[in-house]
Each structure stands twice: as C-alpha cells, then as structure tokens.
1. Filter segment 31-48 down to the residues that are among the hydrophobic types (A, V, I, L, M, F, W, C) and touching a Cys at 6+ places or on another chain (Cβ under 9 Å) and list them by number.
2. Is it true that Lys39 is in contact with a helix residue (DSSP H, G or I) (Cβ under 7 Å, 6 or more places away or on another chain) and in contact (Cβ under 8 Å) with a residue 60 or more places away in the chain?
3. Show the residue pairs that are 6+ apart or on different chains and have beta-carbon atoms under 6 Å apart, the first residue being within segment 69-95 and farther than 18 Å from Ala56 by Cα and touching a residue at least 24 places away in the same chain (Cβ under 8 Å), the second being surrounded by 12 or more Cβ atoms within 10 Å (Cβ to Cβ) and not charged (D, E, K, R).
4. Residues being hydrophobic (A, V, I, L, M, F, W, C) and at pLDDT 50 or above: count how many of those fall in segment 1-56.
5. I want to confirm something. Restricting to segment 120-134 and keeping residues that are among the charged types (D, E, K, R) and free of Cβ contacts under 8 Å to residues at least 12 places away in the same chain, which single residue is surrounded by the fewest Cβ atoms within 10 Å (Cβ to Cβ)?
6. Only residues that are under 30 Å from Val191 (Cα atoms) and part of a strand (DSSP E or B): list them for segment 65-100, please.
7. Can you tell me which of Lys45, Lys127, Lys49 is assigned to a strand (DSSP E or B) and of a type outside the set (Gly, Ala, Ser)?
8. Consider Phe62 against the criteria (1) outside any helix (DSSP H, G or I); (2) under 19 Å from Phe119 (Cβ atoms); (3) modelled with pLDDT under 95: it satisfies all of them except one. Which criterion is unmet?
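The values are calculated or read from the model by the stated rules, or taken from the named source; none is laboratory data. Just so you know, these numbers come straight off a predicted model, no measurement behind them. Here Cβ is always computed from backbone atoms with ideal geometry, including for glycine, and neighbour counts include all displayed protein chains.
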Amino acid sequence: MNNLIRHTSWVVLAIFLSSCSAKNISSSYYFEHKDQVEKIEESYKAIYKRSPFTLAFADRQFRIVTLDILTDSMSYIYEFEVDEPRLNDTLLKYHLPVTGVNTLIHDMLAIRCTWVNNFDYYVDEKKRSTIFLSIKPTVSHPFLSDKRYYILTFFNQPQYFDEQGRLVDKRKAKRIRKINGEIFHRITDKVCYTVSSQFR
C-alpha cells in the first residue's frame, strides 16, 4: 500500500512539474495574454522609432519603473514610482510621448511584463532587430519560484527551427542561433521564448 501511494505521488509530481515546464509556462502566458502582449510589442516598437529607450519594473510589487534613455553617446537611467509626475517631465525632455509611454507602463503592469527592450543582431552580416519582453508568470507553487526570467522575443518575419523547436540560422543549415547568448524555442513562427538567469 505504501509503495502504491509513493508511486502515485511521484506520478502526480511528474505531471505537475511537466505542466509547469518552461515551454508550457511561456506558451500558456503568450496565448492567454496574446492581445495585450502584441499591443505592448507594437506600441513599444512605434515609440522606440521616435527615441530609443527601454522600460523595466525594478521591484516585485511593480511599483517602481526604470526608464533607460539611449542617445548617440550616452545612456541615461531614471527611476520613478508608477504615475509619478517627474516621469512625465523626463519623457517631455527626451521627446517621448507622455500618454503613449504611460499607457505602455500600465499595459505591462496589467500582465506582469517586467521589461521591454529592442535588441539588434546580425544574420549574414545584415542587421536585424527583435523585441524582447521579460515576463513574470504567476507561479502557484513556491518550489518553482526560483530566480528565472521568461523572455518572449518577437521577430518581424517567420523563423526557422530544428526538430526540437530551437531557433536555427537557416532552413537547411541546422546551426542553432543564439541571441544575446541564449537559445530560443518556438511558440509561433515569429514568437519564441527562452529562460534566462539574467533579468536583461
């Protein structure tokens, strides 16, 4: 009887851990919040074209937002409380749309998106760009709340993947493509995920 209980417990634990795998967590998050995530990606991309910047939440309670302004020669990092008036003054100073950025912050807050950034990389010596979103899914069990960061990345065109769903350089050349040192896995043809030990 004890062996049966022990065996059943292991099976239940294995099913639980499988359901909480990086792929399931990332895919579930993406499809559950698909409209909001795509809105964040599109809004950020449009504002970034006006003036390069990144946004991140600096605390677990999502009360402090970090704004990183990128200029030709410098990077200026500011920290504000959400809805703090000084944030708007800074946005105006760097010609960023006040309403657009504040809406972006609240959209990120609503779905626990901790960071959004544009990342440049090269394929065959041609510059490409992708949008990174770091997400913080709600984990129901403290055993799984380790310091891992789930990152979604958005490409402008469909990508190639190997039989394991890993991002590769070309359809026939099965060389795994790493971006920022990370291996990415397929969610859709243009959306991937990775799990990183680094916030950014």
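1. Val37, Ile40
2. yes
3. Close Cβ pairs (under 6 Å, with a partner that is surrounded by 12 or more Cβ atoms within 10 Å (Cβ to Cβ) and not charged (D, E, K, R)) amount to His95/Ser51.
4. 11
5. So the residue we want is Glu125.
6. Matches in segment 65-100: Val65, Thr66, Leu67, Asp68, Ile69, Leu70, Ser75, Tyr76, Ile77, Tyr78, Glu79.
7. Values: Lys45 fails: assigned to a strand (DSSP E or B); Lys49 fails: assigned to a strand (DSSP E or B).
One residue alone meets the criteria, Lys127.
8. With respect to (1) outside any helix (DSSP H, G or I); (2) under 19 Å from Phe119 (Cβ atoms); (3) modelled with pLDDT under 95, Phe62 is out only on (2).
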